[in-house]
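Quick notes on the structure that follows.
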């Protein structure tokens, strides 16, 4: 898979934040560049200096007659924000980032956050105009991304089917019942739990276990979800739920895992009753 390292122009010209604007004018002209990353003495990237910003900073100093204020660092407001990616970032992602970048430049850094390259539209054009094998590789990467999206869509459809089947069974059950996903977000809740906790129908959907349980039970709820995901169930336990108006309801809860046809975890189903 092609990465940012394969696309970038290596060893780019960097503008030191303490350098003189007049020196940078010469450097831009001599190296035929229109933009360059600006770094401070610690190597941190402050932004990008382009031709327009360079001209503005030079003219501002001439107008104000302040030759002692000609350092790039004195004109940070003229720097453009710049996108930064790791060398290992996939090429398809880098192209997307560059297209949406304000100045259409991407700085590439290594694992030590040192600048190792710059990617401009010209670099992308070179890549796209390269050998057929390279173009095919890009198409393969795009197809791989599309396949992943389609797989995700299928997973969502499978999950919806499972949840719908369970919903038909428990929506009118006399027991308080609810389901959450792997992040703890409530995906289903029956009429009984809405009534007991004082919520309107479907009002609990989209809330989380932290909205459902008392604050002193959050750790217990988090650990319980992990146990269900790992073991497939959680034995009966006592906990405290919070009503819509802030009241507390002591409950006995038992939970099991919902899985898709491939055995992958897609959520929980929990039954509870006031005690």
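No lab work stands behind these numbers, since they all come straight from the coordinates. Quick caveat, the model's predicted, so the values are computed rather than measured.
Relative contact order, percent, of the range 174-274 when contacts are C-alpha pairs under 8 Å separated by at least 6 residues? Walk me through the numbers before you get to the answer.
On the way: 200 pairs, mean separation 28.6, N = 101.
Relative contact order, the range 174-274: 28 percent.
Between residue 199 and residue 183, what length in nm is gained on full extension when 0.36 nm per residue of separation is reduced by their alpha carbon distance?
Numbers: separation 16, 0.36 × 16 = 5.76 nm, distance 2.18 nm.
Taking 0.36 nm per residue and subtracting the Cα distance, the gain is 3.6 nm.
Report the Cα centroid-to-centroid distance between the range 32-52 and the range 221-264 in angstrom, as an integer.
Computed from Cα coordinates, the inter-centre distance equals 52 Å.
Give me the Debye-computed log₁₀ of I(q)/I(0) at q = 0.14, 0.19 Å⁻¹ for the range 174-274, equal point scatterers on Cα only, no solvent, two decimals.
Each listed q maps to, in turn, -0.46, -0.86.
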